[in-house]
Amino acid sequence: VCSSDLPKVGEPIATTVERVAPPFTGDNIRFLEQATFGPTFDSELHLRRVGIQRWLEEQTAQKYDTNGFERYSTFPYPDLPLQPTNIPVGCNAACQRDNYTMYKLQNWMYREAMYSDDQQLRRRVAWALSQILVVSGRDTQQPSYMLQYLKILDQHAFGNFRFLLNDITLNPAMGNYLDMVRSTNANPNENYAREILQLFTVGLNMLKKDGTPRLDKNGNRIPTYDQNTINNFTKVFTGWR
């Protein structure tokens, strides 16, 4: 520092200090790669300044829109009203793309993943949940069903699994994908009954606290449920329209 840069006798000393951050660290980058859809210069700089604990508190804090309503995304959800099952005459290619495909939802999702700032962790958790509580946009004609499905994952991303499971069970996209909507007293369908046990909750086999399988005296894995359990679950998940 040159002597001419120093304050002269009698001059006030500046009290504003600009924080100087250390170089990029692998730990910060690795954390952001796991907790977001990818680190940026600004997000890594912010993480260094506030620390992981504070960053998590910022991300998990409830957000509100300008009208005071809770929001679960940075960008507004697309407007996707329920459409007629049969595509109306006169609905051209653009109309079909916007109302009978996942085009608008896909655009919204990529905007959220790439440009969302305060909802990155919620978006990443909701995406992870979508890999467990799976439905398919290829098998769902109505994008409005998929929109409600994504809203449920967003809303419950930091919440209680019991409430998430309740709402996802009653979701039209799930009811269509795992056939509960087609399960009747005369023709019961086991699909959802099996998946809610095998994939969504207890899994196939009993486990120890460390995640390894429990074994019987003969060294065989112990099932968590049997066909009788599935039969009774199928009765519960039948006739829900």
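The values are calculated or read from the model by the stated rules, or taken from the named source; none is laboratory data. Just so you know, these numbers come straight off a predicted model, no measurement behind them. Glycine gets a Cβ as well: all are built from the backbone with ideal geometry, and neighbour counts include every protein chain shown. Note: areas computed on protein heavy atoms with side chains; ligands, DNA, RNA excluded. Shrake-Rupley method; radii C 1.70, N 1.55, O 1.52, S 1.80 Å.
Between the listed residues Leu121, Trp240, Pro84, the Cα displaced farthest toward the positive end of the dipole of the chain, a dipole computed from Cβ unit charges relative to the Cα centre, is found at Trp240. Checking every one of the chymotrypsin sites (Phe, Trp or Tyr not before Pro) in region 31-120 against DSSP loop status and a limit of 15 other Cβ atoms within 10 Å picks out Phe69.
Over the C-alpha atoms of region 32-95, the Rg to Rh ratio, Rh being the Kirkwood estimate, stands at 1.23.
Dipole magnitude for region 165-241: computed about the Cα centre from +1 point charges on Lys and Arg Cβ and -1 point charges on Asp and Glu Cβ, it is near 180 debye.
The distance linking region 75-103 with region 40-66 is 36 Å (Cα centroid to Cα centroid, whole angstrom).
Taking amide hydrogens as placed 1.01 Å from N in the peptide plane, the amide H of Asn205 sits under 5 Å from those of Thr224, each at least 5 positions away in sequence or on another chain.
The magnitude of the dipole of the chain, with charges of +1 and -1 set on the Cβ of Lys/Arg and Asp/Glu and taken from the Cα centre, is near 720 debye.
Highest mobility in the GNM of the chain, judged by mean-square fluctuation with C-alpha springs under 10 Å and restricted to Gln148, Gln53, Gln198, is found for Gln53.
Here's the picture: charge each Lys and Arg Cβ at +1 and each Asp and Glu Cβ at -1 in the chain, and of Pro39, Thr140, Asn191 the one pushed furthest to the positive end of that dipole is Asn191.
Using a cutoff of 8 angstrom between alpha carbon atoms and counting only pairs six or more residues apart, the relative contact order for the chain works out to 14 percent.
Loop-located chymotrypsin sites (Phe, Trp or Tyr not before Pro) in region 142-191 (DSSP state not H, G, I, E or B) with no more than 15 neighbouring Cβ atoms inside 10 Å: Phe158. At the listed q of 0.13, 0.21, 0.29 Å⁻¹, the Debye profile of region 182-241, built from one uniform point per Cα, gives log10 I(q)/I(0) equal to -0.42, -0.79, -1.15. Measuring nothing but how far apart in sequence close Cα pairs (under 8 Å, 6+ apart) lie, relative to its length, region 191-239 scores a relative contact order of 36 percent.
The angle between the Cα long axis of helix 143-156 and the longest principal axis of the Cα atoms of the chain comes to about 60 degrees, rounded to the nearest 10.
Ligands, DNA and RNA are left out, and with a 1.4 angstrom probe the accessible area of the chain is 66 Å² per residue. On the protein heavy atoms, probe 1.4 angstrom, tell me the percent of accessible surface of region 69-179 carried by carbon and sulfur. Of the solvent-accessible surface of region 69-179, carbon and sulfur hold 54 percent.
From the mean inverse distance of alpha carbon pairs (Kirkwood) and the Cα radius of gyration, derive Rg over Rh for region 129-241.
Rounded to two decimals, Rg/Rh equals 1.03.
In order along region 123-128, the phi-based Karplus estimate (6.51 cos²θ - 1.76 cosθ + 1.60, θ = phi - 60°) of 3J(HN,Hα) comes to 5, 5, 5, 4, 5, 5 Hz; Gly and Pro are listed as x. As a ratio to 2.2 N^0.38 Å, the alpha-carbon radius of gyration for region 54-186 is 1.14.
If you bin all the Cα-Cα distances of the chain at 5 Å, starting from zero, the percentages per bin are 1, 5, 10, 12, 12, 12, 11, 10, 8, 6, 4, 2, 2, 2, 1, 1, 1, 0, 0, 0. The 3J(HN,Hα) values that the Karplus relation (6.51, -1.76, 1.60; θ = phi - 60°) gives for region 35-51 are, in residue order, 9, 9, 9, x, x, 10, 4, 5, 5, 5, 5, 5, 4, 5, 6, 9, x Hz. Gly and Pro appear as x.
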